[in-house]
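A.B. asks: Quick one: structure below, then a few questions.
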Amino acid sequence: MSVADYMTKKLITVRPETRINDAVDLMKNNDIHRLPVLDNGQLVGLVTEGIIQAALPSKATSLSVYEVNYLLNKTTVADVMEKQVRTIPADAVLEDAIFQMRHYKIGVLPVVAEGQLVGIITNNDIFDAFLNIAGYDQGGTTVTIKVTQNVAGFLAKVSDALAEHNYNILTLMVTDRADIRLIELHVDTTDAAGVKAALTGAGFELI
């Protein structure tokens with residue numbers, strides 16, 4: 001799974017000279033929370049709702065409404081944008097994007113290919129990717145098997161046990177919980193009782 005598979009490709013961008021008020025309107029009108037900043041087609045910064053909020057005068061300011069509006073009309077994206085922007089290649093694996101976002105505590109990564117901005121990946125894109133990988137919207141039955149022995153062919157045996165009853169595995173995920181390894185299967189049937197019977201009958205322990 002690459003970043004390109006799950007990134008947002010439809011981009012709305014601004015230029016450094018864009019006024020803050022116009023950037024805010026763009027975000028509101030398009031229901032987005034960040035804007036890449038391009039200059040001559042090159043990524044030069046990133047502006048987000050949080051960055052703009054931090055740049056606004058405090059509610060405790062002594063400025064009048066007219067003075068605040070004048071200030072905002074004079075302030076451009078270049079005045080407040082984040083210039084040191086972390087990016088990720090489009091062909092990077094999704095896990096690399098997740099690691100960077102967690103490690104640097106950021107919610108978005110612009111995606112680049114051959115030096116050009118081709119998309120962005122955000123927290124919501126990561127959530128969508130997880131739901132897709134888990135087969136959340138595909139229906140069927142989800143069961144969790146406890147791996148009781150670390151032997152070659154364990155998954156093949158699971159698959160065979162289901163195939164004997166004409167069940168197919170749509171997706172699977174392997175997780176470790178304390179000292180227990182678990183396999184979560186998403187099977188292509190709503191016959192949950194039948195799936196459980198097929199697996200327990202073959203000697204597998206279900207959680």
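The values are calculated or read from the model by the stated rules, or taken from the named source; none is laboratory data. Here the structure is a predicted model, which means the values were calculated and not measured. Here Cβ is always computed from backbone atoms with ideal geometry, including for glycine, and neighbour counts include all displayed protein chains. Quick note on the areas: whole protein, heavy atoms, side chains included, nothing else; ligands and nucleic acids left out. Shrake-Rupley method; radii C 1.70, N 1.55, O 1.52, S 1.80 Å.
A.B. asks: What FRET efficiency comes out for residue 2 versus residue 154 if R0 is 30 angstrom and r is the Cβ-Cβ distance? Round to the nearest 0.05.
C.D. replies: Working from the Cβ atoms, E equals 0.60.
A.B. asks: Distance from the Cα centre of the stretch 1-50 to that of the stretch 165-199, in angstrom?
C.D. replies: With the stretch 1-50 and the stretch 165-199 each reduced to a Cα centre, they are spaced 41 Å.
A.B. asks: A follow-up question, please. Amide H of residue 107: which non-local residues (sequence gap of 5 or more, or other chain) have their own amide H closer than 5 Å, using H built in the peptide plane?
C.D. replies: Distant-sequence amide H within range of residue 107: zero hits.
A.B. asks: Can I ask one more? Tell me what the chain gives for mean residue ellipticity at 222 nm when only DSSP H runs of n ≥ 4 count, each as -39,500 (n - 2.57), the sum divided by the residue total, rounded to 500 deg cm²/dmol. Intermediate results must be reported in sequence, preceding the final value.
C.D. replies: Details: 9 runs with 77 residues, N = 207.
Rounded to the nearest 500, it is -10500 deg cm²/dmol.
A.B. asks: Still on this structure, please answer the following. Over 25 Å between Cα atoms: which of 157/196; 105/146; 9/105 fall into that group?
C.D. replies: Over 25 Å apart, Cα to Cα: 105/146.
A.B. asks: Taking H placed 1.01 Å from N in the peptide plane, check which residues at least 5 places from residue 118 or on another chain put their amide H under 5 Å from its amide H.
C.D. replies: Placed amide hydrogens put 111, 112, 113 under 5 Å from residue 118.
A.B. asks: Running a GNM on the chain with Cα contacts under 10 Å, which residue among 190, 76, 171 ends up with the highest mean-square fluctuation?
C.D. replies: Ranking 190, 76, 171 by mean-square fluctuation puts 190 first.
A.B. asks: I'd like the accessible area for residue 184: 1.4 Å probe, protein heavy atoms, all chains in place, Å² to the nearest 10.
C.D. replies: Its heavy atoms expose roughly 80 Å² to the probe.
A.B. asks: Below 8 Å between Cα atoms, with a sequence gap of 6+, how large is the relative contact order for the stretch 80-207 in percent?
C.D. replies: Normalised by residue count, the contact order of the stretch 80-207 is 22 percent.
A.B. asks: Still on this structure: Scattering from the C-alpha atoms of the stretch 1-62 alone, worked out with Debye: what is log10 I(q)/I(0) at q = 0.13, 0.19, 0.22, 0.26 1/Å?
C.D. replies: Calculated log10 I(q)/I(0) at the listed q: -0.42, -0.79, -0.96, -1.16.
A.B. asks: Within 9 Å, Cβ to Cβ, of residue 48, how many net charges do the neighbouring residues add up to if Lys/Arg are +1 and Asp/Glu are -1?
C.D. replies: -1
A.B. asks: Need the list of lysines near residue 10 for cross-linking: C-alpha distance under 21 angstrom, and skip anything on the same chain fewer than eight residues off.
C.D. replies: Here the lysines satisfying the reach criterion relative to residue 10 are 28.
A.B. asks: Same structure, new question: For the chain, set up a GNM with springs between Cα atoms under 10 Å and report which of 43, 94, 11 has the largest fluctuation.
C.D. replies: Top of the fluctuation ranking is 11.
A.B. asks: How many Å² of accessible area per residue for the stretch 93-165, probe 1.4 Å?
C.D. replies: Roughly 60 Å² per residue, with all protein chains present.
A.B. asks: Give me the percent of DSSP beta bridges within the stretch 81-207 that run antiparallel, rounded to the nearest 5.
C.D. replies: Counting DSSP beta bridges with both partners in the stretch 81-207, the antiparallel share is about 90 percent.
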